[in-house]
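Right, I'll just put the structure down here and ask away after.
Every number here is computed from the coordinates shown, using simple stated rules; none is lab data. What you are looking at is a predicted structure, and each value in this text was computed from that prediction instead of being measured. All Cβ positions, glycine included, derive from the backbone under ideal geometry; neighbour counts span all protein chains shown.
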Amino acid sequence: MKQRVTLNDRTFEVMIPAEEIDRAVTAVAERLNKDYADCERPPIFIGVLNGSFIFLADLVRKVSFDNEIAFTQLSSYAGTQSTGEVKRKLGIDFDITGRDLIVVEDIVETGHSIDHMVKYLESLSPRSVEICTLFFKPEKYLYERPIKYCAIEIGNAFIAGYGLDYDQIGRGLKDIYVVVDE
């Protein structure tokens, strides 16, 4: 039987063990290393809080090029469901004109949040904006914008752990857990 945890009022079991996550993060870092090895100026990783913080921390320790890190915060969730309305709580408060940006997300589902974020960043005249996500749900994605750097594609199950939460609980779990008591 798989390991289970209770988060708030729901039961979850291990879906993706930490070792598999680490291999996927390493693979994304290797792709980034190839694509950004010869940049004139260090690219800027923009972590979307709160969920991306663990992924971003592991990712930047695996890349071999100089980089800068910034954070922003978006909100579109209530419980296990997206509200469809994106709110930006923090913004980029420095000049990104002509810079290569790598937006780091924990998970891309419908794409509402990432589309909102990329449009905002593009209005600030960067050189490029790419999306890097730990998890991608292609069946739910509603936009044409490519997700260039994806560590793991998953189905539509609700997950928690490794930075992802269920009502703010579970971010510190090293594995990814899936809800089992639906």
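Once both labels are modelled 7 Å past Cα along the beta-carbon direction, what's the Y120-D95 spacing in nm?
Going from the Y120 label point to the D95 one covers 2.2 nm.
Taking every DSSP beta bridge with both residues inside the range 25-155, roughly what % is antiparallel (nearest 5)? Present the calculation step by step, with values, prior to reporting the outcome.
On the way: 5 of 27 bridges.
Taking every DSSP beta bridge with both residues in the range 25-155, the antiparallel ones total about 20 percent.
Please give the contour-minus-distance gain from L49 to R127: 0.36 nm per residue of separation, less the Cα-Cα distance, rounded to one decimal in nm. Kindly include the intermediate steps, with their values, before the conclusion.
Working: separation 78, 0.36 × 78 = 28.08 nm, distance 2.30 nm.
Here the segment from L49 to R127 would lengthen by 25.8 nm.
Next up: How many nm separate the modelled label positions at K2 and E20, each set 7 Å beyond the Cα in the direction of the Cβ?
For K2 paired with E20, the spin-label model returns 0.7 nm.
If one takes the longest principal axis of the Cα atoms in the chain, at what angle in degrees, from 0 to 90 and to the nearest 10, does the Cα axis of helix 18-36 lie?
10
Placing one identical point scatterer on every Cα of the chain and ignoring solvent, what is log10 I(q)/I(0) from the Debye formula at q = 0.08, 0.10, 0.11, 0.19 Å⁻¹?
Log-scaled intensity ratios, in q order: -0.24, -0.38, -0.46, -1.34.
Taking the 0 to 90 degree range and rounding to the nearest ten, how far is the long axis of helix 112-122 tilted relative to the main principal axis of the chain, both from C-alpha atoms?
10
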